[in-house]
Ligand code: PMT
């Protein structure tokens, strides 16, 4: 279940005897690398305590909508944005009824309305309640809105009856959650991503670098793996693990990144440049540690090659996607880069507090041709998935136009 690595799952637990299985599900999701936050309804707390879920998740459990303390720490809108997937297991008949009617009277139903992430429900209830026309109508409504409903299974029930309504087992829920991250929109294509900062050495112990953590590029690489692409990731120095199925090539300086990219580019269909590549490097790197001798010290820098622009200028250039990190005039600067570097697409991020560099969240405006799309603040994982969908659409369209 490699797809769960690093995914942020908001596990919603509603009232029903199957709530105790939510603890097993939580452990399973975590074992497969997901980061899980738990939201429980009041009825769920009658079946399993928030303390159990808190101890297992290592994070505060959220139960109340209007709670001053939790709202100031991580409010319901932040939670809704945080999640890559909202997974509700078990989902009771009462919850499904409220959700299908768009109620927002408690934390979990409010989150479901406020999130733009995919939502998945694992129903659990008495078989007659499941078969009841009201429940079936409610389910039809939410399925029509794109909500995934997984299960229920048939069999003996806690109430002594037998029939459909048992929550499917935690192992199956975790596996379906993992699969929900998988798309095949890029299968058969070869994708090259750069990520992280570069380091330009000054002497054996010092360097010039920037605050890129690599998260955005690694999230793009992961989303591309899930989209079925064959992925190579060229990474500057970061503290992240690469997706298992991606080929990882570690580099340090812009010059090393440049030659690693150029070695792979002839076998690349899509190139995505998410790295924060140093624009300049030292003319000469001192062989020994520079001694503190005078009050000021000047470094002489030379311009590095622009990897992205050189790739886009190749005769048989791949579909080329740049990033732009801006502190001002985001749109104008990004569009200028799109045109001057002759890119197929550019994803622009405004650098700011809790956005862009070294943050888990970001917000992007993606430009291509005369079009653009705004991707609101969300986790880099979720943004990367949307970006990969946009890239796949444009890449496929360009290929179709080429063959006609
Ligand atoms: O790594 P994170 O902490 O997750 O942060 C993500 C990010 C902010 C680094 C990422 O989203 C981002 O915006 N990366 C590009 C940052 C950048 O260097 O932007 P730029 O506007 O300076 O460069 C424009 C484009 O040219 C980029 O695609 C860059 O990779 C590329 N470039 C720049 C210079 C150079 N010498 N060669 C290049 O290929």
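The values are calculated or read from the model by the stated rules, or taken from the named source; none is laboratory data. Everything numeric here is computed off the predicted structure, so don't read it as measured data. Every residue, glycine among them, receives a Cβ derived from its backbone with ideal geometry; neighbour counts consider all protein chains shown.
Being within 15 Å of the ligand (Cβ to nearest atom), under 22 Å from residue 356 (Cβ atoms) and either modelled with pLDDT of 95 or more or crowded, with 16+ Cβ neighbours inside 10 Å (or both) is true for just one of 273, 281. Which residue is that?
Details: 281 fails: under 22 Å from residue 356 (Cβ atoms).
When all the criteria are applied, what remains is 273.
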(Q) Return the residues of the stretch 290-323 that are surrounded by 11 or more Cβ atoms within 10 Å (Cβ to Cβ) and in a loop (DSSP other than H, G, I, E, B); say none if nothing qualifies. (A) 290, 299, 304, 305, 306, 313, 314, 317, 318
Q) Which of the residues that make up the stretch 189-210 are in a loop (DSSP other than H, G, I, E, B) and away from the ligand (no atom under 13 Å from the Cβ)? A) 189, 199, 204, 205
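With the condition kept exactly as written, say whether any residue in the stretch 214-230 is surrounded by fewer than 21 Cβ atoms within 10 Å (Cβ to Cβ) and within 14 Å of the ligand (Cβ to nearest atom). Spell out how you get there, then give the answer.
Initial filter on the stretch 214-230 (surrounded by fewer than 21 Cβ atoms within 10 Å (Cβ to Cβ)): 228, 230.
Next, from what is left, pick out any that are within 14 Å of the ligand (Cβ to nearest atom): none.
No, the stretch 214-230 contains no residue that is surrounded by fewer than 21 Cβ atoms within 10 Å (Cβ to Cβ) and within 14 Å of the ligand (Cβ to nearest atom).
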Q | Condition check for residue 186: part of a loop (DSSP other than H, G, I, E, B), more than 12 Å from the ligand (Cβ to nearest atom) and buried (at least 23 other Cβ atoms within 10 Å of the Cβ) | A | yes
**Q.** Any hit, the stretch 324-333, residues being surrounded by fewer than 18 Cβ atoms within 10 Å (Cβ to Cβ), in contact (Cβ under 8 Å) with a residue 60 or more places away in the chain and within 10 Å of the ligand (Cβ to nearest atom)
**A.** no
Q: Report those strands (runs of 3 or more DSSP E) wholly inside the stretch 338-385 carrying at least 1 residues which are buried (at least 22 other Cβ atoms within 10 Å of the Cβ), within 10 Å of the ligand (Cβ to nearest atom) and modelled with pLDDT of 95 or more.
A: 345-350, 361-368
**Q.** Scan of the stretch 109-138 for residues that are touching a helix residue (DSSP H, G or I) at 6+ places or on another chain (Cβ under 7 Å), within 21 Å of residue 64 (Cβ to Cβ) and part of a helix (DSSP H, G or I), ordered by number
**A.** 109, 110, 111, 112, 114
